[in-house]
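One structure is given here, and the rest of the page talks about it.
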Protein chains: 2
Amino acid sequence: MSNFKIIKDKELDCNFVDFTNVDFKLESGYLLNNYRLAYKTFGTLNQNKTNAILICHALTGDQYVTGKNPITGRDGWWSRMVGPNKPIDTNKFFVICSNVLGGCAGSTGPKDKKDSNENIYGGEFPSITIKDIVDAQAKLLDALKIDQLFSVVGGSMGAMQALQWSIDFPNRIKSIIHIAGALKHSAQNIAFHEVGRQAIMNDSNWHKGNYSEEKTVPERGLSVARMIAHITYLSEDAMHRKFGRKLQSRDIISFGFDADFQIESYLRYQGRSFVERFDANSYLYLTRAMDYFDHSESYRKTLEFVNDSNNHINYLIISFTSDWLFPTRENKEIVKILNNLSKNVSFLEIETDKGHDSFLLDEPELDKVTKGFLESNYRKTNE
Amino acid sequence: MSNFKIIKDKELDCNFVDFTNVDFKLESGYLLNNYRLAYKTFGTLNQNKTNAILICHALTGDQYVTGKNPITGRDGWWSRMVGPNKPIDTNKFFVICSNVLGGCAGSTGPKDKKDSNENIYGGEFPSITIKDIVDAQAKLLDALKIDQLFSVVGGSMGAMQALQWSIDFPNRIKSIIHIAGALKHSAQNIAFHEVGRQAIMNDSNWHKGNYSEEKTVPERGLSVARMIAHITYLSEDAMHRKFGRKLQSRDIISFGFDADFQIESYLRYQGRSFVERFDANSYLYLTRAMDYFDHSESYRKTLEFVNDSNNHINYLIISFTSDWLFPTRENKEIVKILNNLSKNVSFLEIETDKGHDSFLLDEPELDKVTKGFLESNYRKTNE
């Protein structure tokens, strides 16, 4: 490790680590010379550096895992889970959360300058993978002088990162909590992502990704992409319970294309508000990274190959009954392989009708098992 | 009935019935003065006019149910099912299929002229409902001087029409075959339709529906809408079986936004080819008609109210195990009500992994039960 600088940003209430002249080789072969990661930490690193937890965010998340998010003015995306006396207790643990490489909340991504000539990457940003995202996180840990993580925790795309950590850096972690993920992105999931990408790329404001130069924003395409994705995050039951066929502020139907039904105005709102906080190109690159994720053939062999170096890892795999994006059966594929190889794996399927988004919502069982897993492992470590 | 004229069109290989000065009142209250329906017939009407079957097409179907479709150059959409010696046997039955009101294969819809001043309806086409579609079909039957249908058959949006026939014109039908439908369009189904509509209406070529005046076509929005819908027509298992994560004409991934996976290029193709044959405004109006469909509260009461007039109807309700758009449980709601009221109802759930589209695909059990139901009823009628 070399050539990095840590900068505190008061306005954005986070830190940046700037890497310069590092020749960071991406999985595609592309060499990233300079890049930065935006991150936040919560709690205190203990003297032996044994209490660090890395939280990996999902597709549209960011480093503001808890506390106030200064960009949106809202609570962090996992404030329910992370904080003093919360399931991931920042009185005990030192929590790190960084915006992923390719993201748009401060880490280097397509909306950033490619070089000192003020040129924006746009559509020329290199393709990135989950492996690249995790590699960049490992380099952040180097910069923070943390050799080993007590745990890596993440849901959805965050679960993909947690799994990738256990594959690429088994010696640098003691446990993972993998929530609502899979060994691979399924054909149906790729299909939903692809339609979202087509909505963005078909927006006449997209300009092959170089909308920044054209001073436009492919808002409408990004909004449609978000609406599609949002349907997949909810279960049909949750949608029915929340909205049913209830009409929106009208007693009778309009016989037109206004939002007659509550579900319509809800989705339109989701689309509109997403556009304010997310970059369309980041959406393209990160959905692609998820689509490329595939350890279905290699996982077992990889584990066998590095057998000795992962025996110490405690794995917790969690799924939700109503999640149709990363269903229980896909999470269980991981459990099955780990069990077959006699690894230390716990599995829990949580009964809920809230769909894939359950990991972000009020699920007391998720809180309880997360807290229990972390604290019992921590006790064992310090005995 | 009055003021109609039947025209044979050789080039389009179908008939038109033109209604003029008819003040056809739509459910919205709008008065349609002049309109036309495009239709085709197959087989021969018997002397007593007891062998007529109306086939109702789904969202993107047309009157070309069997034989060659002169517009696409392909076989009709249900050639497998309809024809001489096929399950719906045109040696025995007189089959009628008309393009729905609001459609774009010849019947009056948004792409047609509003008046003699050559103005195109576009976004000013009146909102239509499934009830309106069925009303227009009933007027076509009047023009054809057919009092009673031996059966009304349809899948998906066609099933909605079949059910509507049994509610609005119980005395004009002897049976219905209702395949993969529901009493109502669910919140999730409305959500998918709404995202498709947003994709179209967000296309800068849409021009509030008046793209014809602007000499543009909202191709990209329509293509995205079709892609979204297409995912919902397939089951996840069928998609996995067909495509899995197989790469498209490449050995390695491209690290870009080309169609790397077969499912991507398949969806892109579906989107592109749909644009050639379908009108974007028709898509808006017909998806809206489906969303408005809701007999969930009223069906039981309606049946009780007209109890005597529907006791003679034979109902066949069919669902598919892997259909997540109109799942078995929604079809069963109809069966339950009919059973509670001691109607003549048969129900079959067909085991298949092909999803909602099963009714259009090679499903021998569907063929068998359709043929059996029609022929046994026909024998009884003529005994």
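Taken together, the values in this text are just the output of simple stated rules run on the coordinates, not laboratory data. This is a predicted model, so every value here is computed, not measured. Don't worry about glycine lacking a Cβ; one is built from the backbone with ideal geometry, like all the others, and counts go over all protein chains shown.
Structure above, values below:
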item	result
Order of B:SER186, A:SER342, B:SER28 - criterion: other Cβ atoms within 10 Å of each residue's Cβ, fewest first	A:SER342, B:SER28, B:SER186
Options A:GLN47, B:GLY122, B:GLN198, ranked by Cα towards positive dipole end of the protein assembly as shown, top entry (Cβ charges)	A:GLN47
Rounded to 5, the percent of DSSP beta bridges in the protein assembly as shown classed as antiparallel	45
Packing-based exposure ordering (other Cβ within 10 Å, fewest first) of B:PHE320, A:PHE347	A:PHE347, B:PHE320
Gain upon complete extension [A:ASP258, A:LYS246; 0.36 nm per residue less C-alpha separation]	2.9 nm
Part-to-part distance (alpha-carbon centres) for region B:191-261 and region B:349-383, which is given in Å	32
Residue mean of other protein chain beta carbons inside 10 Å, B:252-260	5
Shielding by partners, peptide B:236-248 (average Cβ within 10 angstrom, other chains)	3
Peptide ranges B:294-301, A:302-309 listed from the most packed, as the mean C-beta count within 10 angstrom indicates	B:294-301, A:302-309
Packing-based ranking, highest mean first, of A:132-144, B:30-42, A:12-24 given that Cβ atoms within 10 Å are counted	A:132-144, B:30-42, A:12-24
Two-decimal log10 I(q)/I(0) for region A:189-288, as the Debye equation yields it once each C-alpha is a single scatterer, q = 0.18, 0.20 Å⁻¹	-0.87, -0.98
Extension reserve of the B:LYS8-B:ASN46 stretch, reckoned as 0.36 nm per residue once the Cα distance is removed	11.6 nm
Residue-averaged beta-carbon neighbours from other chains (10 angstrom radius) around A:225-234	4
Cβ charges +1 (Lys, Arg) and -1 (Asp, Glu), total dipole of region B:189-288, debye	160
Net +/- balance of residues flanking B:ILE263 in space, Cβ distance below 9 Å, scoring K and R +1, D and E -1	+1
Projected label distance in nm at A:ASN382 and B:SER204, using a 7 Å step from Cα toward the beta-carbon	5.9
B:GLU124 paired with B:ASP23, simple spin-label distance in nm, labels 7 Å along Cα-to-beta-carbon	2.2
Sorted by Cβ density within 10 Å, fewest first, the residues A:SER151, B:SER79	B:SER79, A:SER151
Helix-only [θ]222 nm of the protein assembly as shown, DSSP H runs n ≥ 4, -39500 (n - 2.57) each, per residue, nearest 500	-11000 deg cm²/dmol
Cross-link reach list, lysines versus B:LYS25, counting only Cα pairs under 22 Å and skipping chain neighbours closer than eight places	B:LYS5, B:LYS111, B:LYS113, B:LYS114, B:LYS131, B:LYS139, B:LYS145
Mean Cβ neighbour count within 10 Å, used as a protection proxy, ranking B:236-248, A:173-185, A:57-69 highest first	A:173-185, A:57-69, B:236-248
